[in-house]
């Protein structure tokens, strides 16, 4: 592989790659995301290769596995280009018909098309599917067009052009100013301005000749899979953003922190690092600029608490992964006590877009204080689950009903769980809340990676018990409020679910949660009170039904449901 030594040479290589692509050549895109692979996409890809070889079409057809396009529930997904025929839940035995009727004959196969869950209307082409219509796909736009294991695909789509722009003519201060002007906020729950964090680190009060930069792809929330799929589907996008950030703050060493429970994400990012090194986009003297950077993958220890910044860095240092009191900001004393920038994967994914398109362009997307888009994993009692990229300002109602297609089997909506185990519940009357940091914070919610829909057959009390069970297991045990507080709340909930509760239990639960929110050491312990407090605020009647009537309204807590039915 040619080692590229300048931005000019990078553009020459890009033109050569594009020149080899025939825009009129038919293409078959098979989603190779982890969900589709689990549903049999590997077998579908093998069937396409066999069928193309059988019909002598290998030279005139391009069939490849790509990143996740988003509609995970309907996989394996296959899209035929250039027309955009979209087929869902494809099986290996469907492949010969797809090749003969659609690839060659340009005829749609009705049984494989998307059928609207509410109207029954068929969608022939990908852009006609309601799931995609209201999304603003900036970060996910290229997923279904590139092979995540092939850097040339990313280069053909304009990849690393932002890096070339930065190294060819922007100072680190100019890069930071551009990110500041864009209004980009970190895509973790706090939403701290990314440019301001970078500025703090570049001008760290602690004198240091070494600085570090970290991409957090820990994502341990139950029901959350957005960051994982983004790294699986377009790892070079993340890598490019990380390189630009390292240049801006003066770091020479970067880390990608990811869980080993995401093997495909780990594999794809490691391949991307090797390919970028081979092309001269990583390592020494990147693009002839004199800037050096090493990127390493750091596998986490498997604990949910490692999503907390100080626990994450402790784990990377080889110590016990537990939080510590933040006497210093990480931008002054972070990894190995050196100035460190830690940002979420989605933050890094936005950087190349902002540099290429400009801060003003990005600043015009979203709300006054929340710019750009946010990628969520949408799941639960919903017609269409998967990856959703929503512009900031879109309402939760639009995500659930316009993009997600509403509740299946004519059930009624009950709640939207936002922010995972550290988040809260949104009842129907609050669904018009916009995706906006301030709006969600004022409602006591966090901008978490997952949105989980509950219908009328879901017991909120049981759902809170699930989250507290998860958090009790994942607590590091360092501080008493978290270690003992969660377990005590869990015991009280178990009493209520078994029909042994009393009205004093509700007041005690509320008191324990409020104390824990103030007294726990880290965000895990403090946030553990979120689901409980929000459920008591919006669904207190369900607790009362369990205690006073001995009845679970959803019929989930079986020891109670028969009592209430009598």
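Among the DSSP beta bridges whose two residues both lie in region 22-130, what percent are antiparallel, rounded to the nearest 5?
Values: 10 of 15 bridges.
The antiparallel proportion sits near 65 percent.
By its C-alpha gyration tensor, with a ≥ b ≥ c as the square roots of the eigenvalues, how is region 460-565 shaped: rounded for a/c under 1.5, else prolate for a/b larger than b/c, else oblate? Let's see the in-between values first.
Values: a/c = 2.36, a/b = 2.03, b/c = 1.16.
Verdict is prolate for region 460-565.
Nearest-5 percent of antiparallel DSSP beta bridges in the chain?
Restricted to the chain, the bridges split so that about 55 percent are antiparallel.
Return, for the Cα atoms of region 22-130, the radius of gyration and Dmax in Å, separated by a comma.
Values for region 22-130 (Cα only, Rg and Dmax): 13.0, 42 Å.
Please compute the length gained on full extension between residue 17 and residue 3, using 0.36 nm multiplied by the number of residues separating them and subtracting their Cα-Cα distance.
Working it through step by step, the gained length comes to 3.6 nm.
Let me have the 222 nm mean residue ellipticity of the chain computed from DSSP H runs of 4+ only, each contributing -39500 (n - 2.57), with the sum over all residues rounded to the nearest 500.
Counting only the DSSP helices, I get -11500 deg cm²/dmol.
Sorting 465, 196 on the 10 Å Cβ count, fewest up front, what's the list?
Fewest to most other Cβ atoms nearby, the residues stand as 196, 465.
FRET efficiency for residue 504 and residue 469, Cβ-Cβ distance as r, R0 = 35 Å, nearest 0.05?
0.95
Indicate the gyration tensor shape class of region 461-517 (rounded, prolate or oblate), computed on the Cα atoms with a ≥ b ≥ c the square roots of the eigenvalues: a/c under 1.5 is rounded; otherwise a/b larger than b/c is prolate and the rest oblate.
Taking the square roots of the gyration eigenvalues as a ≥ b ≥ c, region 461-517 is oblate.
Can you put 167, 52 in order of Cβ neighbours within 10 angstrom, beginning with the fewest?
52, 167
Could you work out how much longer the chain between residue 128 and residue 368 gets when fully extended? Use 0.36 nm per residue separation minus the Cα distance between them, nm to one decimal.
Full extension from residue 128 to residue 368 adds 83.3 nm.
Within a 10 angstrom radius of the beta carbon, how do 260, 152 rank from fewest other beta carbons to most?
Neighbour counts put them in this order, fewest first: 260, 152.
When only Cα pairs under 8 Å and 6 or more residues apart are kept, what is the percent relative contact order across the chain?
13
On a C-alpha basis, how far is the centre of region 48-64 from the centre of region 134-206 in Å? Whole number, if you could?
A separation of 37 Å, based on Cα centres.
Order these peptides, 524-534, 297-307, by their mean beta-carbon neighbour count within 10 angstrom, highest first. Display every interim value, and only then the final one.
Working: 524-534: 24.9, 297-307: 20.3.
Result, highest mean first: 524-534, 297-307.
I'd like the distance between the alpha-carbon centres of region 384-426 and region 298-374, rounded to an integer number of Å.
One Cα centre to the other: 25 Å.
Hey, how much of the P(r) for the chain falls beyond 37 Å, as a percent of Cα pairs?
Counting every Cα pair in the chain, those more than 37 Å apart make up 35 percent.
Quick one: grab the alpha carbon gyration tensor of region 158-294, order the square roots of its eigenvalues as a ≥ b ≥ c, and give me rounded if a/c is under 1.5, else prolate or oblate depending on whether a/b is larger than b/c.
Numbers: a/c = 1.71, a/b = 1.20, b/c = 1.42.
Taking the square roots of the gyration eigenvalues as a ≥ b ≥ c, region 158-294 is oblate.
Each value in this text was obtained by applying a stated rule to the coordinates, not by laboratory testing. Since the model is a prediction, treat every value here as computed from it, not as a measurement. Glycine gets a Cβ as well: all are built from the backbone with ideal geometry, and neighbour counts include every protein chain shown.
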